Every structure is written in C-alpha cells, then in structure tokens.
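Have a look at the structure below before the remarks.
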Amino acid sequence: MKDFGIYYNEESQVFLLNTNGISYAMACSGGYLGHLYIGPGLSDFPSKDVLREGDYTYLKGNPGDKCVFMDGFPFEYSSGGIGDFRVSPLNVRNEKGFLGAELKVKGYEIYDGKKKLPGLPSTFGNENDTKSLDIILEDEALKLTVILSYSIFEGLDCVARSVRIKNDSEENIYLERALSSCLELPYRGHEVITLHGSWAREHIPERRTIGHGRVAISSDRGISSHQAHPFMALVSPETTETQGEAIGLSFVYSGNFMAEVERTQHDRLRVVMGISVHDFDWCLAPGKIFQTPEVLVVYSSDGLGKMSRTFHDIFRNHLIRSKYLHKERPVLINNWEATYFDFDMDKLLEIAAQAKQAGIEMLVMDDGWFRKRDSDDSSLGDWTVNKAKLPLGLTGLCEKINNIGLDMGIWFEPEMISPDSNLYREHPDWALAIPGRDASECRNQFVLDITRSEVRDYVYECVASVLRETNIKYIKWDMNRPLTDVGSLVTRGGEIHHRYMLGVYELMERLVSEFPDLLLENCSSGGGRFDPGMLYYSPQVWCSDDTDAMERLYIQEGTALIYPPSSIGAHVSICPNHIVGRTVDFRTRGYVALAGTFGYELDIRAISDEEKEIIKEQVSDYKKYNHLVREGDYFRIISSDNLTGKKSEENSLAWMFVSKEKDEALLTYIQERGNANKRSETVRLQGLIKDARYRLEDGREYQGDELMNIGFTVDKLYGDGAGRLYHFSKI
Ligand code: DGJ
C-alpha cells in the first residue's frame, strides 16, 4: 500500500488519498470529477472502470446523450438543474432564477497541514500529521468556482471534507443548497444507522434497510437537536461491533442540518450531508465566498466499534482544543436537581461544605442566580446578580466557596432574552421575530438576534465581565429552545439560521481566547446541541436532562457511538429519579457516570451517611480510572439491540476502556433486570494483548486470549440495575 499521503496520477487523472488503513479515490473524466472508491487501502492508483466511461456516448462527443450521462455519472459533487436527478449537494440560481451549475475541474493543490475554515469549527492538523487536497471546479457560464477540500490525518481512517463556493461574476448568485459532502457508493445491501430521540431521550440508534428512493434526516430547529443527529452510518447487513463495513459521516456543525441517502434506479447509493435546505437561501454577491462546514467521513472494515474509536480519536486529536482535554476534570456538584430555582447563598455554602467532605472539587451554581429569576419566566438577558439570594454578590460567594476548598462554576443562557426582562423592555428588536406576527414564547423566552454584532457584544460582556471579576472557573452555556419566528431587523431571511450559528461560534471563540483556562460545558436542554461543532469550543457537553442511570445506559451508548466518553456530561443524581421515577443502586449510578465526565447533581444534604461514604469511594474510583476513560479506547462489549438491529436475549450492557498501550483495562457490567435462576454471564472482552497476563484487583489472573475468546465470567449479580467494575492490569 502507498504510504500515508495524497497522490495524483497526471496520466490517468486519478486522485488517491491514503491514510494508513484506507484509500479514497476520485478521477477526472471529460473534465468532470467522478468518485471511484472509499474502502480498505489500495496498493496503487485504481483504474477508472467504475466511472463506466464507455456507457456514456456524451463523453465521446455526442451532445444528445448528455441527459443519460448527467443522471448516471458518479459525480464527486454534483448540482441540481443540469439533468442529474439524484439528490444533489448544490442548488444555485442566477439573477434570472435559472437553476444549475455544471462543474468542471480547473486545477488542484496538494499541501501539508490543513487550512482553517473561517468562522467555523473544524478539525485541525499540523504539517507532519495532516495532508490536504483542494480540487478547483468551475462553472464557466455562471463564473462560479467551487473548491472541494479534503484532509487526511496520520493513523486515522478518516477523510475530512468541506466546500468553498466563490462568485467570480458581476451578478449575485443565490445558493439554495450548499452541502458539505456527496458520496457515491455501490449498493451492497447496505443499511443505515441514524440517531433519533427527544428531550431527555437523546441519541438513540436506529438501524434500517435502504429501499429505492431516499432516507432523509434533518433538523430545522436552529440546533442540531434532540430529535435528529448530524450523523449517519452506512453499514453492511452483516456488520456488527467487530466485523463488517461501516462508513460513518459526522457533520461539524451545531445548527440546521440534513443528511440523505438515495438508492438510485441503478442500485447505487448517493449520500449527501450539510446545512439543511430549510430556510436557507444565501445571496452570494460578486467576489464573495461561502464556506460550508466540514463533514468527517470515517471508514471501518472492522465493524462499528472501530468506527466509533476512529471518531473518538479524530475528535480528541484533531477537534477538541480545550486544555482540559487531557486533564482530569474537577469532580463537580451541580445544584440544579438539588434546588432548582430555590436556593440562596447559605444553601449553596452548606452544599459546598458537605461536598468538600465527600471529596467533591467544584460547585456549579445553575439557573436562578440573576435578577429576579425564581422560575423560568423572567430575567434572561439581565445578567446581574440577585442580591436577595446572594447578598455578597458573585465575587463574595465565589470567595466563600473557595474558602471551603471548592472551585466555583456558573450557569448562563447567553443566547436568550425573557419578555419580562429589562433588556427586552429596552431592546425589543433584539429578539428574533417576524414583524406583524406573535412570536412563540417557548419556555417563556425569545431568542436573541445573535446575527447582530451589537447583540453579540452585549452578551459577550455580560459573560466575560463575570469571569474577569471573579474566580469562577467553569461555565455551563445553556440554550433551551429552538429557533422559531426567524426574522431579523438587519439580516436577510434565508441567511439568519447560518449567520446565527456563525455568531454563536464567534462568541465562543472570543470566550475561549480571552479565558483559555476556562472549563466550558455546552448544554441545550440536555443534549440538544451535542455535536462536533460544540466540541471545538468545549471539551464536554451535558448529555441529557435524564440522569436516570438505566436510561443513561442507552443515551450514553448512542452518544459514544461517535463522541469520546470523556466529552459526555454524566452525573450521579438523586433517586427516585426526577424524570422517570426509578430508583437505582447508588454505586451503579456511579459506574454509569464514570463512563462520562463524572460529577453529582443532587442535594448532598439530603442523602444518607452511607451514601456520602459511597461518594468518597466513587471519587476515588474516578481518580484511579479516569485516565482510561479520557485517553483509552472504548469497546462496547454487550451493546444495545438498537445498534445490532437484532433482538438479543441479553439483559445487560457492558463496555470497556483499554489504555492505548493495552496494559490496563476497565470493564463495566450492568445488569438491567434481576432474573430468576439464570447463570452469571461470560462476556468476551476486546482490545487486550493475546499473550499478556492480566490481573484483577482481587488478585485473579487471566491470559489476554482467554479473556477475549473464552471470555470473563462476571459475578452473579442480584437485583435490577446491579453493576460491577473490573479493573485489569497487565502483569
Ligand atoms: C436545561 C439544562 O439541561 C439543565 O441541566 C438546567 O441547566 C436547566 N436547563 C436550567 O434552566
């Protein structure tokens, strides 16, 4: 196989991108760019046979047959309006309203490293570990340039793609659809896996077959959303955790998105992903550029497990920038489920004091600390402290918390404005609204017009001044409603959604630049904006408002299908659980939270002394094992039926973290329901060294291949939601 690199064969006009494990190939034919291949690594340039040039007489100069060509050629990036009737990644209109762009290759550039995408979150890489390719396409009639960018990263089977569109004409050009990627694949019985959900029920995998026509997912809510997720995987019917083809696409963006796979009349698959076409209509003035966000395409021929681990490494090595990425995060306690809005300084200090005794390291003060916020019906936008609750202000409170020995964190919802707020009374036009129509007060609040720079400046100063004036070290950036009534006084309709996201990204960029030591956690009513875009700014995202450990098994498993567990906000909360009413063993709640960022979300004053002692054990487990969760490889040992698409007999979930050196591993086993007269389970471990010997903390020893082939027989557990942690060290 060719070494890691990007190659071009002048003679055959074939582009070949080789990571260490996979190849991605494209070729020019009659000036058009066609897709040849994505899959296991090739040893040399492939032929162009799969372009089926011979099928298209148009390529030999017969203009009458252009329609057959246009609707059949495996375009690398195609456009609607030119006779390609498959789902298109690009729809462009000229001033007269005519649709279509016929793109032909004009040049290319191969270089080391990777360019930033202006204003957008994107993967990064340096000149030693990353190679990039820009292919320049042009529509001569429109004078439109489309640059397809590709990057590959040493050691990772992933291709990052994005598109830059430039108007070189004298007239406006209108983009009705400008997606980030388009893939042409042979259909071999593929199935598609997506993540669906709802509030408190995020990221649930769903696997389905692909019939003729289209499978489409999207979010038009202005956030990546609880309901759909900017991810799609195409898998072979036989793909499991450990074998079979899996092609995963993840969109590095936090707003509206769409992903579609079409099974065509000729049994091929076309897969597109990018910003949703809903309410998207971009006026590209002469000389202007539109930059799409990035799509990451991961290929695995070793099943879904390998696909997940590749995404985790891409995000950890090439997307998340926070200095906390490789650091143990402070064990925090958040007062939301403990007090909701009903707190004051004394209550917080009592919680802090007891938390300190249990080994907790940070107190996060959630919603309700500002102006007259005693419920969710007022004060968003008025970010001044409520002195009735916090008489010493934020500085005084923070000092007191610090004196107890804890760091302090705080909650903000910067993008919002309550109708009952001074800010709204002063600047009603700062809220997104369509004149003449009642805007919807979802959760009693409006969305600020973040497309306006004066609004962004106001919001930024509110947040930044708190950080400048206090010793607060953590911010939970919340966002609790979708965008409706998307109208602005200054921004053109059709452009607001994307300009809103660019505004949010600008705010976050300013924040992490001015406060590089800040630990930023994103949140959107739980996991409504858990996406790669947010991870560029914050190393962790609150995963779900459902903190019930049994529900979290599925929510966290779905999230970890793509995202590193160290980015998954997970807390131990009180039982009966506030969302589902279930009671789960306190230790098991800890095992589940340990597979994420780990922390607490309960009134520590109200729990038993025995539970306080368990917190001490859990904090000590976190200190012992967090490096494995943070830096190691994640294996689903018993995964949910949602991923395999098959109903299993199993009544448990199990996962493992294995250090990169394979000298340490942590197995978590959770029995969902207690069973009568069943034998304890033997689970086959993964990721160990076959001929190495591993010792459990209780002294039992096993050979790696025994653990992986015969399996490890877990203890017989009693009760619903019982669990165990097993830590293996290589001898
Ligand atoms: C939604 C979040 O997901 C919760 O954790 C909490 O911060 C509330 N918002 C506060 O309004």
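Rule-based calculations on the coordinates, nothing more; no lab input. Quick caveat: nothing in here was measured; it's all calculated off a predicted structure. Quick reminder, even Gly has a Cβ in these numbers, built from the backbone with ideal geometry, and neighbours come from all protein chains shown.
Just to confirm the filter: which GluC sites (Glu not before Pro) across the stretch 601-670 are DSSP coil and have at most 10 other Cβ within 10 angstrom of their Cβ? Write out the running numbers ahead of the final one.
On the way: sites: Glu601, Glu610, Glu611, Glu613, Glu617, Glu631, Glu649, Glu650, Glu661, Glu664; in loops: Glu649, Glu650, Glu661.
Those satisfying the criteria are Glu649, Glu661.
Please report Cys67, Cys158 as a ranked list, fewest other C-beta atoms within 10 angstrom at the top and most at the bottom.
Numbers: Cys67 13, Cys158 26.
With the sparsest Cβ surroundings first, the list reads Cys67, Cys158.
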Q: List the chymotrypsin sites (Phe, Trp or Tyr not before Pro) within the stretch 83-152 that fall in a DSSP loop (any state other than H, G, I, E or B) and whose Cβ has at most 15 other Cβ atoms within 10 Å.
A: Phe85, Phe98
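Taking 0.36 nm per residue of sequence separation and subtracting the Cα-Cα distance, how much length would be gained by fully extending the chain between Ala692 and Arg605, in nm to one decimal? Don't jump to the answer; show the numbers that get you there.
Details: separation 87, 0.36 × 87 = 31.32 nm, distance 4.64 nm.
Residue separation times 0.36 nm, minus the Cα-Cα distance, leaves 26.7 nm.
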Q: Work through the residues other than Tyr150 whose Cβ is under 13 Å from its Cβ and net out their charges, Lys, Arg +1 and Asp, Glu -1.
A: +1
Q.
Rounded, prolate or oblate, given the Cα gyration tensor of the chain, with a/c below 1.5 counting as rounded?
A. oblate
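Using only the Cα atoms of the stretch 577-668, build the gyration tensor, take square roots of its eigenvalues as a ≥ b ≥ c, and label the shape rounded, prolate or oblate: rounded if a/c is under 1.5, else prolate if a/b is larger than b/c, else oblate. Mind showing how you got there, number by number?
Numbers: a/c = 2.64, a/b = 1.24, b/c = 2.12.
Judged from the Cα gyration tensor, the stretch 577-668 comes out oblate (a/c at least 1.5, b/c at or above a/b).
Treating only the Cβ atoms of Lys and Arg (+1) and Asp and Glu (-1) as charged, compute the dipole magnitude of the stretch 317-447 about its Cα centre; round to the nearest 20 debye. Before the final figure, lay out each step's value.
On the way: 15 positive and 22 negative charges, 100 e Å.
So the magnitude is around 480 debye.
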Q) Can you give the Rg to Rh ratio for the stretch 93-204, taking only C-alpha atoms and Rh from Kirkwood? A) 1.05
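Pull out the extension gain between Lys347 and Ser47, defined as 0.36 nm times the separation in residues minus the alpha carbon to alpha carbon distance; nm, one decimal.
Values: separation 300, 0.36 × 300 = 108.00 nm, distance 7.11 nm.
Gain on extension, Lys347 to Ser47, equals 100.9 nm.
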**Q.** q = 0.14, 0.20, 0.23 Å⁻¹, the stretch 440-512: log10 I(q)/I(0) [Debye, one scatterer per Cα]
**A.** -0.50, -0.94, -1.14
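Using the count of nearby Cβ atoms within 10 Å as a rough guide to exposure, how do Ser453, Ser122 rank from fewest to most? Numbers along the way, then the final one.
On the way: Ser453 11, Ser122 25.
If I rank by nearby Cβ atoms, fewest first, I get Ser453, Ser122.
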Q | Highest average packing first - 584-597, 393-406, 527-540, Cβ atoms within 10 Å | A | 527-540, 584-597, 393-406
Q) Local charge sum around Asn172 (other residues, Cβ-Cβ under 14 Å, Lys/Arg +1, Asp/Glu -1)? A) -1
**Q.** Dipole magnitude (debye, nearest 20) for the chain, charges at Cβ of Lys, Arg, Asp, Glu
**A.** 600
**Q.** Nonlocal amide H pairs with Thr384, under 5 Å, H built at 1.01 Å
**A.** Arg371
Q: Work out how much length Lys143 to Lys623 would gain on full extension: take 0.36 nm times their residue separation and subtract the Cα-Cα distance, in nm to one decimal.
A: 166.9 nm
Q) Rounded, prolate or oblate: which one fits the stretch 476-567, using the alpha carbon gyration tensor with axes a ≥ b ≥ c (rounded when a/c is under 1.5, else prolate when a/b beats b/c, else oblate)? A) oblate
Q: Mind scanning Lys623/Lys662; Lys612/Lys662; Lys60/Lys96 and naming the pairs with a C-alpha gap bigger than 25 Å?
A: Lys612/Lys662; Lys60/Lys96
(Q) Would any residue of the stretch 434-466 have its amide N under 20 Å from a label point 7 Å out along Cα→Cβ of Val490? List them or say none. (A) 434-435, 446-464
Q | Antiparallel content of DSSP bridges confined to the stretch 300-450, in %, to 5 | A | 40
Q. Where both partners of a DSSP beta bridge lie in the chain, what percent of those bridges are antiparallel, to the nearest 5?
A. 85
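FRET efficiency for Asp663 and Asp3, Cβ-Cβ distance as r, R0 = 25 Å, nearest 0.05? Walk me through the numbers on the way to the answer.
Working: r = 29 Å, r/R0 = 1.16.
The formula returns an efficiency of 0.30 here.
How do Tyr253, Tyr694, Tyr458 rank when sorted from fewest to most other Cβ atoms within 10 Å of their own Cβ? Spell out each step's value before the answer.
Values: Tyr253 28, Tyr694 25, Tyr458 17.
Result, fewest neighbours first: Tyr458, Tyr694, Tyr253.
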